[in-house]
Amino acid sequence: MRAPLPLFVKAWFALDLFFALWPPVHWTASRTGPILEIPGSLLYLFGLGTFIALSVAVAFFYDNARRPGKMEGC
């Protein structure tokens, strides 16, 4: 049986869910002016995508670190 993920990874996934599914955050970002000539809504979406991808990568590597010698999925 696999060991559960640590609390910080679970909290990170909760933040992923919050930022991805709560529209007022995106609406606020879309009202801002361009930052470095990039619209705020695009920066929000690219940043959110990176944030979610990093959380999945951290969970993957943490899970594999707890089971040395078994790199599944690579």
I want to confirm something. Restricting to region 26-45 and keeping residues that are hydrophobic (A, V, I, L, M, F, W, C) and in a helix (DSSP H, G or I), which single residue is nearest to D16 (Cα to Cα)? L45
Would it be correct to say that V58 is within 26 Å of L5 (Cβ to Cβ) and at pLDDT below 80? no
Applying the selection to region 1-36, what residues are farther than 30 Å from R67 by Cα, among the charged types (D, E, K, R) and modelled with pLDDT of 85 or more? none
Here is a check on your reading of the model: is P4 outside any helix (DSSP H, G or I) and either surrounded by 12 or more Cβ atoms within 10 Å (Cβ to Cβ) or not hydroxyl-bearing (S, T, Y) (or both)? yes
Examine region 61-68 for a residue that is of a type in the set (D, E), in contact with a Lys or Arg (Cβ under 8 Å, 6 or more places away or on another chain) and surrounded by 14 or more Cβ atoms within 10 Å (Cβ to Cβ), and state whether such a residue exists. yes
Of F51, F19, which residue is without any contact (Cβ under 8 Å) to a residue 40 or more places away in the chain, within 27 Å of P6 (Cα to Cα) and in contact with a helix residue (DSSP H, G or I) (Cβ under 6 Å, 6 or more places away or on another chain)? F19
For residues in region 16-34 being surrounded by fewer than 13 Cβ atoms within 10 Å (Cβ to Cβ) and of a type in the set (A, V, I, L, M, F, W, C), which is nearest to A53 (Cα to Cα)? L17
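The values are calculated or read from the model by the stated rules, or taken from the named source; none is laboratory data. Please read all numbers here as calculations on a predicted model, not as lab measurements. Note that we place each Cβ from the backbone using ideal geometry, even for glycine, and neighbour counts take in every protein chain shown.
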